[in-house]
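Asks: Encoded as structure tokens, here's the structure I'll be asking about.
Bear in mind these aren't lab numbers, they're just calculated from the coordinates by the rules spelled out. None of these values were measured; they are calculated from a predicted model. Positions of Cβ are generated from backbone atoms using ideal geometry, with glycine treated the same way; all protein chains shown enter the neighbour counts.
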């Protein structure tokens, strides 16, 4: 029996505040439509010599036609989009799960800005936006990769799953990196596979968070649920006599319930439930038996996790809370 364990951490911050008029993000009409599902489930193949133009989403912005800034404040005509990725890297990469020495260099292009290749968080990769009157400014984002020829001697041991994320933040240019003026904050996740020479070299379990923050109060009041991450299992195994099971349980040591815990320990835990895709919410644990294979007849699975089920008519103590979800693979 083999076990692989990963943790998905999510944070809930609850604080009181007073809202005086509509905040800046409501002064603009922002369009953000992603179509990266097919880039998030490892159905796409990486190419050793690189590829260009994989469509990932549409972005556009203009002044709101229905909400104006409060008295004494004004629209900003100059905006800036910052794109970031994994902070420990100085360039954008798709990195192999389980072996960070194997990677494909990645960059984004935006159809509105000719010639711009966004491959780092340097200032020359910022996207400058200028809007006037009621005019619309926007275009499409595309994912691209550079050739590995000349960077690596060959593709030995490169077969596997590769992943990364890109975070898109939109600010008025005069208020760059000021969270009080943050107009857009979206993160897109990518999981692609490379299947070149040879065979798969490993069995892997990858957990990708979709967000680090959860609006518990909003979910409590609306009785809604929220996707918080994805789980992907890939293998080199085609043996029909083997069984793979994925266990979803609370990540805190000794905990028997999914719950947010106040970081200073001075308030009761906020319990919640988890579900796999459209499955039933479960208060303590879920078990998923892998029943699917990929196009090469190897055991494979991909699914998302949602949280919800927060109790109504309860007032929570303000503060910072954190929770962990443990994802464990067992093969028999």
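Asks: Take the alpha carbon gyration tensor of the chain, find the square roots of its eigenvalues, order them as a ≥ b ≥ c, and report rounded if a/c is under 1.5; if not, report prolate when a/b exceeds b/c, else oblate.
Replies: It comes out oblate by the Cα gyration axes.
Asks: A follow-up question, please. Sort 124-131, 240-247 by the packing proxy (mean of other Cβ within 10 Å over each peptide's residues), most packed first.
Replies: Highest to lowest by the protection proxy: 124-131, 240-247.
Asks: What's the ranking of 28-34, 323-329 by average number of surrounding C-beta atoms within 10 Å, highest first?
Replies: 323-329, 28-34
Asks: Over all directions, the average projected area of the alpha-carbon convex hull for segment 35-199 comes to how many nm²?
Replies: It is 11.0 nm².
Asks: Let me ask another. Assuming R0 = 35 Å, what is the FRET efficiency of residue 135 and residue 215, from their Cβ-Cβ distance, to the nearest 0.05?
Replies: On the way: r = 32 Å, r/R0 = 0.92.
Efficiency, from the Cβ-Cβ distance: 0.60.
Asks: On a C-alpha basis, how far is the centre of segment 297-332 from the centre of segment 262-289 in Å? Whole number, if you could?
Replies: 5
Asks: Another question about this same structure. Apply the a/c threshold of 1.5 to the C-alpha gyration tensor of segment 247-332 and tell me whether it is rounded, prolate or oblate. Don't skip to the end; give the middle numbers.
Replies: Working: a/c = 3.14, a/b = 2.27, b/c = 1.38.
Taking the square roots of the gyration eigenvalues as a ≥ b ≥ c, segment 247-332 is prolate.
Asks: OK, next. Using label points projected 7 Å from each Cα along Cα→Cβ, tell me how many nm separate residue 238 and residue 320, to one decimal.
Replies: In this crude spin-label approximation the distance works out to 5.0 nm.
Asks: Right, another one. Order 290-297, 39-46 from most to least packed using the mean count of other Cβ atoms within 10 Å.
Replies: Going by the mean number of other Cβ atoms within 10 Å, highest first, we get 39-46, 290-297.
Asks: Rounded to the nearest 500, what is the 222 nm mean residue ellipticity of the chain from helices alone, with -39500 (n - 2.57) per DSSP H run of 4+ residues and division by all residues?
Replies: -500 deg cm²/dmol
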